[in-house]
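Everything on this sheet refers to the single structure shown next.
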Amino acid sequence: MAFSSPISPSYSCHLSSDFNLKAKGNKLNKIYPFSLLQRSPFLKVDFSSQWERRESSKFSISAPVTSKEYSLDGALENTQLPKGDCWSVHKFGGTCVGTSERIENVAEIITADQSERKLVVVSAMSKVTDMMYDLIYKAQSRDDSYLVALDAVREKHKLAAVDLLDGDDLASFLSKLQDDISNLKSMLRAIYIAGHATESFSDFVAGHGELWSAQLLSSAVRKNGVECKWMDTREVLVVNPTGSNQVDPDYLKSEERLEKWYSNNPSKTIIATGFIATTAQNIPTTLKRDGSDFSAAIMGALLKARQVTIWTDVDGVYSADPRKVSEAVILKTLSYQEAWEMSYFGANVLHPRTIVPVMQYDIPIVIKNIFNLSAPGTMICRSSGNEYEDGQKLESLVKGFATIDNVALVNVEGTGMAGVPGTASAIFSAVKDVGANVVMISQASSEHSVCFAVPEKEVKAVADILESRFGQALSAGRLSQIAIIPNCSILAAVGQRMASTPGVSATLFTALAKANINIRAIAQGCTEYNITVVVKREDCVRALRAVHSKFYLSRTILAVGIVGPGLIGGTLLDQLKDQTAVLKEKFNIDLRVMGITGSRTMLLSESGIDLSRWRELLSVKGEMADMNKFVHHVRGNHFIPNTVMVDCTAESDIASHYYGWLHRGIHVVTPNKKANSGPLDQYLKLRALQRQSYTHYFYEATVGAGLPIISTLRGLLETGDKILRIEGIFSGTLSYIFNNFTGPRAFSQVVEEAKEAGYTEPDPRDDLSGTDVARKVIILARESGLKLELSDIPVQSLVPEPLKASASPEEFMQQLPQFDQEMAMQRQLAEDAGEVLRYVGVVDVVNGRGTVKLRRYIKEHPFAQLSGSDNIIAFTTERYAKQPLIVRGPGAGAEVTAGGVFCDILRLASYLGAPS
């Protein structure tokens, strides 16, 4: 198996320097090629091991550095170090070598690599570094259990060795392991007595895990028949500690030591320790936590390798944290800068400084999964010039999203800051003095305030020192306040050329707004690599999912709560069941019903209710209905950014919740007319909230079931047309009754037929009273701009006055035939005039009024030509003055009403980012 890179740097394998050999009596210098040097009789190779060169003192912590000098007159310097494309560098993390079985697997991967030369950087076995630091902590805390913990460390490596090795290799490793354990025991005893461990002592102890894993792996590779050497990188890597708990590599000295090491240990396969290094004074140190990646990058740069492969337990770099965004995708490529930004903002990509050493030589870094060798992984390299041509999709520009949790904002503001040099310097100097890390800075051009983010655990110290340093300015009023905003998270969008691409920032902020996420602070540098926003910590996951969905066109996920699983609600659930798979596959819409509640029982689910069994589950697993608990559950899933409540009831008390839901960022879809036809002030308040937020309120099915009546009206108004009159047959029940109230048929007989067919409410008086039509009229009147109350609409009721007080629907139906004569007379009068009876609602916009009454129309009129339970609505406008705009279709029945609600849900998904 070859590990080759599609990127081929311009350099090739070459000698790091030429040898000038002086021949006796010859003034000319000869330059000998590498192949000749290998065969030179003067070549001396030192195969002595690091163990043999180790100093005898138990407490010496200086790094064993080889520094032999060679006379060019008497003997050639040992083998020269080649550099360039012939080298491939691999790094295996602790998880990769966590067990003996995994070490064997790594050995097989190394053996299968067809590269000419390989340098493998290996971390300590999984959890060992933590165990080593715990030893130090226990010893300096004078906790005697450090001895037991040290035995556990020894036993872990002994068992691994017994599984991996045999014969002399096993005996040699166990002997060396015991020597190390004895030395560590003595050192830890000294720490125990002193009650303190210096940084050098701690680094020396912590680095042993890498020493052991490198020896184990090198033995396993040799067991596979591959000649190799293991390298203690403390002999090679030289670093200079800085004041910020970091180290800077000394590349010049490291290169010199690497060449000397290789001259004494020539090999085409080298197993090197990660994480550990030495100072210029030969004092052991580390590259700090997660430093093995850094080690690999440094070694790759020193060798000018073809590629550095980082082996881990994931398939590559994800576009977002897959634990938070299940739709996150593996990125094929990242530029050095993009990877840098993502690692800085907390993404589990690489050690933040890993990229620096390889950038100058354009050495690609490949992230691969040791447990899934077929996965192509992610390549981090210099971006090509044509990567962002015109027409590229937004997701090509925004490569990934990363978050940092548990931060706090510090806001220093005051008029005395504007135009005063040194204010910002004084602020950040104070922050530096308490050792706090500033994660993000945002300052307006007015200089009135400076806002910055720090880790939450450091914010108290920052606030205290700022109040101390600027106490006089606060007292004098030059600074108005130093405000702390806790419980925040940072969300960063990372990608090259984002800032220079129109629409990227707008798309990001719109996605957050539509998810009802409030942004506390914004920062965007001129580097064009990231846009950073600060949000509430509780909103962070929803924010991450919302923006990822928008840019990557991953599934638009909606958490759905169904209120009222009756006739309409139940039909809607069945429709959702039948269409869910199609919506996911073809339209990238994932509708997850997280809860169903009736008046007595509710069913809740953490991942989505199985809609093929919802009736059974509601009956068997349902719990007592509690609206507050229901809403909290459906809304509380932070892994789903958007929530919609679908009210399929006709209840006023459910409608009273709409304002609170919308205010909390919960979208509302409903066929319930009570909210929009209720008290005018509540309706206006509800619509005002909807207009000023990104929370949506859809109610197409409140008028005409599945017919596009409200959307048609809005389209006319939004395009500048003026509504003059809206007239229509709005009740499917009354449409059916008067379409069939012909000839000798009695009115009560037709009503009974409509009831048996399921067109009427359980109590037909609810339809015949005209109240339902009046509610639809008031909704359309208000949509047209009229400020009318329901009581302003005169309604002609078809319920005979004596029957309004009937005790039951059955009693009403029994007594209704007594009043057939009156309706028969009205029908006869209409027929004598060549007309028909229709129950109609009218919105007279010009005169600012509405009516609901029984009217007569000539047989040629569109209203006279209806059949079945169809609705028909005529819009008379300035554009459609001579010939009204007609909308006609089925206006009653659970199927069409549920279909209208379903359509509103899909429209909501489209508004939230689903592809149209």
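The values are calculated or read from the model by the stated rules, or taken from the named source; none is laboratory data. Quick caveat: nothing in here was measured; it's all calculated off a predicted structure. Heads up, the Cβs are rebuilt from the backbone with ideal geometry, glycines too, and the neighbour counts pull from every protein chain shown. Areas reflect the complete protein model, heavy atoms only, side chains present, ligands, DNA and RNA absent. Shrake-Rupley method; radii C 1.70, N 1.55, O 1.52, S 1.80 Å.
Within region 619-635, the set of residues being in a helix (DSSP H, G or I) and either open to solvent by less than 30 Å² (accessible area, probe 1.4 Å) or under 30 Å from D772 (Cα atoms) (or both) comprises M627, N628, F630, V631, V634.
Quick check on this structure: which one of A297, A347 is buried (at least 22 other Cβ atoms within 10 Å of the Cβ), under 22 Å from G94 (Cα atoms) and modelled with pLDDT under 90?
Working: A297 fails: modelled with pLDDT under 90.
After ruling out the rest, the residue left standing is A347.
Just one of the listed residues (I557, I531, I522, I490) is free of Cβ contacts under 8 Å to residues at least 40 places away in the same chain and either in a strand (DSSP E or B) or touching an Asp or Glu at 6+ places or on another chain (Cβ under 8 Å) (or both), and it is I531. For region 546-569, which residues satisfy the criterion of being of a type in the set (G, A, S) and surrounded by 19 or more Cβ atoms within 10 Å (Cβ to Cβ)? The answer is A546, S549, S554, A559, G561, G564, G569. Among residues that are aliphatic (A, V, I, L, M), under 28 Å from R234 (Cβ atoms) and under 24 Å from the mean Cα position of the chain (by Cα), L303 is not included.
From the residues in region 596-617 that are among the hydroxyl-bearing types (S, T, Y) and assigned to a strand (DSSP E or B), which one is most open to solvent (accessible area, probe 1.4 Å)?
T601
Considering H208, H196, which residue is in contact with an Asp or Glu (Cβ under 8 Å, 6 or more places away or on another chain) and surrounded by fewer than 24 Cβ atoms within 10 Å (Cβ to Cβ)? Only one candidate qualifies: H208. The numbered conditions (1) in a helix (DSSP H, G or I); (2) of a type in the set (D, E, K, R); (3) over 30 Å from W87 (Cβ atoms) are all true for R142 except (1). Selection of region 726-758 for residues being free of Cβ contacts under 8 Å to residues at least 12 places away in the same chain and among the charged types (D, E, K, R) yields R745, E756. Here A805 passes the criteria (1) in contact (Cβ under 8 Å) with a residue 12 or more places away in the chain; (2) open to solvent by 30 Å² or more (accessible area, probe 1.4 Å); (3) among the hydrophobic types (A, V, I, L, M, F, W, C); (4) closer than 20 Å to D772 by Cα except the one numbered (1).
Please go through region 636-686 and pick out each residue that is part of a helix (DSSP H, G or I) and touching a strand residue (DSSP E or B) at 6+ places or on another chain (Cβ under 8 Å). Before you say what the answer is, go through the steps one by one.
Residues of region 636-686 that are part of a helix (DSSP H, G or I), as a first pass: 652-655, 658-663, 674-677, 680-686.
Answer for region 636-686, where residues must be part of a helix (DSSP H, G or I) and touching a strand residue (DSSP E or B) at 6+ places or on another chain (Cβ under 8 Å): I654, A655, Y658, W661, L662, L686.
Residues in region 115-140 that are touching a strand residue (DSSP E or B) at 6+ places or on another chain (Cβ under 9 Å) and open to solvent by 50 Å² or more (accessible area, probe 1.4 Å): E116 only. Pairs linking a residue in region 504-516 that is within 16 Å of R635 (Cα to Cα) to a residue that is among the charged types (D, E, K, R) and buried (at least 22 other Cβ atoms within 10 Å of the Cβ), with Cβ atoms under 7 Å and 6 or more positions apart or on different chains, are A515/R542.
State yes or no: is A864 surrounded by fewer than 21 Cβ atoms within 10 Å (Cβ to Cβ) and either farther than 30 Å from P641 by Cα or among the hydroxyl-bearing types (S, T, Y) (or both)?
Against the criterion (surrounded by fewer than 21 Cβ atoms within 10 Å (Cβ to Cβ) and either farther than 30 Å from P641 by Cα or among the hydroxyl-bearing types (S, T, Y) (or both)), A864 qualifies.
Sub-6 Å Cβ pairs linking a first residue in region 653-677 that is within 23 Å of C903 (Cβ to Cβ) to a second residue that is among the small types (G, A, S) and open to solvent by 30 Å² or more (accessible area, probe 1.4 Å), at least 6 apart or interchain, are N672/A650; K674/S652, ordered by first then second residue.
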